[in-house]
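Report on one structure; see the data block that follows.
Every number here is computed from the coordinates shown, using simple stated rules; none is lab data. Nothing here was measured: the structure is a model prediction, and the numbers come from that model. FYI the Cβ positions are ideal-geometry reconstructions off the backbone, even for glycines, and counts take in every protein chain you see.
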Amino acid sequence: MSLVALAAALVATIGAAFAVRTTDARLAALATSLCLLMAPLVADPLPDPLVLAIRLVAAIVAGYLLLLPVRRAAPLLGALRLGGTAEAGFVVAAFAVGLLAGPVASQAQGPATALAGGFALLLAGLDLLAFVEDGVRLGTGATLTLSGAALVLSAFAGTPSSAFQAGLGLLLVAVAAAAAWLALLAIGTRGELRFGARHRDLRDVG
Amino acid sequence: MSLLLFLVLALTGAVVTLATARWPAARGTLALLASAACVVVAYRLDAGTAVHLGDGSLVVTHYLRLWLLCASGAILLLVLAGLLLSGRERIAPAALLTLAASAVGLAAPDLAAGLLVLCGAAAVAGLVAAGRVAEGSPTLRVAVDALRVTVVFAALGLLGVAWAVEPGVSLEPTTVTVAYLLVAAALALRVGSVPLHLPAARLAVSAPRGAVPLLLGWLPAAAAVVLLAWFSVTVLPLQPDLGWWPALPTALALLTLAATSIAILVQDDLGHVLGYMAIQGGAFALLTMGALDAAAAVEARTWLLILPLTLAALATVVLLIERAFGSGRAVELRGWIRRAPATAGALVLALVATYGLPGMAQFTARQRIAELAAGRPLGLVGLLAAALALLAWARVAWIGLQPVGAIVHEGAGERPALPPGPDQASGPAGGPPPIAPRLLGLLARGRLAIELNRVGLAALVALALALLPVALGIGAGHLADAAAEPIPTPIATPSPSPSPSSSPSASPSPSISPSAEPTAEPTASSEPTPSGSPGPSVGPSETPSPSSATPSPVAPSPPGPSTSPSVGP
């Protein structure tokens, strides 16, 4: 087991748990950036320096984009459904499950730490994606979900190709940009980061 | 011409049209120019070539060329229709970005990477739906849900591919089943199958009409083509025993066919009808997953190119009706056909293109997919259930044939109108006027003529859009052959006699089957490159690609998508 991969997976998991736990949008965006920075290092062998650079730039740009709306609105957000702490605990538990399941996964070609980090980021991302009502944490959830899924893929298929890494970098930036734009629209129309009431009736749309 | 040039044009066009949003006239002109340039370059693309970017590559196949040509043409006509009807251009950046993403997504042998690029484009293009957000408007939530769907789809797709990324390796049945179910779930979410249809249905109503073919047509169809390609080269060669699990996507797809028909029948708003037509068309992709048959996958590639074209035509017709008469509700459109016969013709052609007639490619594709997935009796029942939607369109037509109602009477019809005659100006000595004022006068009359005939001209555009899928269906472009050509994959398999100069049109295209899998993309070290650019290229280079030019009849090992460098080029 590579120590670099293990350390990177641990840091990414702690970052994801913090992103779930915090109610400050700025800290959530920074924690997400940290996760995105650590995710490409959870590999054995490590990707090419060029690929690492691409992912590094993508992580920084995505984090910057997520911070943009916070400058124009109050950064304090509501807690998640279970209060955040419990959900952060689930994220750490997912890491442990991945770490234990990695060696026994019959098809796995990558490190067990990738599966552990992938599970943790996936859980945190899906949690945020499903339950948050604001643009910053929507972007946080979306990018964590995608990074987690990519880590699970690398756990089964080994270190991804350069094309895949470049595509993932593009996708992370695109998703962060889309979430930031939606957050700015929410600020422009409602004066806050939250999106507002959910409309269930199709007749209300349009 | 090179795929790289196409990408540069499309991306530059997207950026420029986005940057000129404050100048509608300039933006409209630039959008038309960029789309037209994409059409020309797509037409001139050489199938069988590859563009190398670093250690990756993009392979141009006949199917990709046809896809880009059709998409560029449809986007050009959509932009033109939007300009004619509203005087403003709203979809060009998203449309051109969609073109670029489709080019990369469908040309990348690394299917997972292609999927990611398509999802990135979908995430950004989905913002079009939030373009007219106002206080209290639900369109923001619709755009948020669209982003959520895109992200979850990408995650499910990646997870599915992760479980079965090594083709040719004997996988445990449980592993294959999990991968199959994850990819089927991703596909169901992306095409909006029941019960996951609400985001797509809401998107169809809240997005600008011109953007509906992009958001519910081109992008989901391209993503479905990529996922089905993975399915064809990774799962199908294993001939897996998945138990009763394939019945699940089949049942969902059949349910979608029936439920969307019912929704279309009870809906009065043409925007909703358009959305459910898109969802119904996408159900055939999910049905393909249930078929577990290579032939169904080939038919799905045929159908997934025709579907966005038919949606583009239908969206233009709906936009025309809404703009001309100020209403999209069927009950308020009494006599619309009397005022807009060309639009009615476009609607009929679009419906013929959607459902097809016996002998047309779309008819065959839908029928074969349904029969291969659900068997003959049940498949035919599904097709009949889908065709029930035609009753709703028949009702719209019947209302249109009634005497003209008040709303339609006040609207703008297609009747041609001529601008007033030119002033009888004369030159200084009573001779003919100078050439410059005459030209300016002609230009002004031309602009006035366009202004007076916006609806009629847009109806002609709609007719042209509807003719595209009909032409494809009756054999133009050899769509069926292009759909059956091998799928480029990154697995390097030895080719006994590579002949880069030949093209698939010269040699019969083999169908996708477990025993006749495509050869690999050219590897820099092993494949001959007549252009003399072998070796790991730093910059982009273009070489003939034997992957689509000379598919080997029997591949030693079935290729598939892989993200591992150990099996990459």
**Prompt:** Based on the alpha-carbon gyration tensor of region A:1-154 and its eigenvalue square roots a ≥ b ≥ c, which shape applies: rounded if a/c is under 1.5, prolate if not and a/b is larger than b/c, or oblate?
**Reply:** oblate
**Request:** Could you please state, rounded to a whole Å, how far the C-alpha centre of region B:190-235 is from the C-alpha centre of region B:287-360?
**Result:** 16 Å
**Request:** About the Cα centre of region B:320-372, how large is the charge dipole given +1 on each Lys and Arg Cβ and -1 on each Asp and Glu Cβ? Please answer in debye to the nearest 20.
**Result:** 160 debye
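If a/c stays under 1.5 just call it rounded; otherwise compare a/b with b/c (prolate if a/b is bigger, oblate if not). Do that for region B:1-153, with a ≥ b ≥ c from the square roots of the Cα gyration tensor eigenvalues. Kindly include the intermediate steps, with their values, before the conclusion.
Details: a/c = 2.41, a/b = 1.32, b/c = 1.83.
It comes out oblate by the Cα gyration axes.
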**Asked** So which trypsin sites (Lys or Arg not before Pro) in region B:1-59 end up in coil per DSSP with only 16 or fewer other C-beta atoms within 10 Å?
**Response** B:R22
**Asked** Among B:G290, B:M277, B:F325, whose Cα lies farthest out toward the positive end of the dipole of region B:224-325, if unit charges sit on the beta carbon of Lys, Arg (+1) and Asp, Glu (-1)?
**Response** B:F325
**Longest segment of chain A lacking trypsin sites (Lys or Arg not before Pro) that sit in a DSSP loop with at most 14 other Cβ atoms within 10 Å** = A:82-197
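Is the shape of region B:217-280 rounded, prolate or oblate, going by the alpha carbon gyration tensor and its root eigenvalues a ≥ b ≥ c, with a/c under 1.5 for rounded and a/b larger than b/c for prolate?
Oblate, because a/c is 1.5 or more while a/b does not exceed b/c.
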**Asked** Taking the Cα atoms of region B:442-484, what is the range of coordinates along each of the three principal axes, in descending order and whole Å?
**Response** 51, 17, 11
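In Å, the Kirkwood hydrodynamic radius of region B:171-247 over pairs of distinct alpha carbons?
Hydrodynamic radius (Kirkwood, Cα only) of region B:171-247 equals 13.9 Å.
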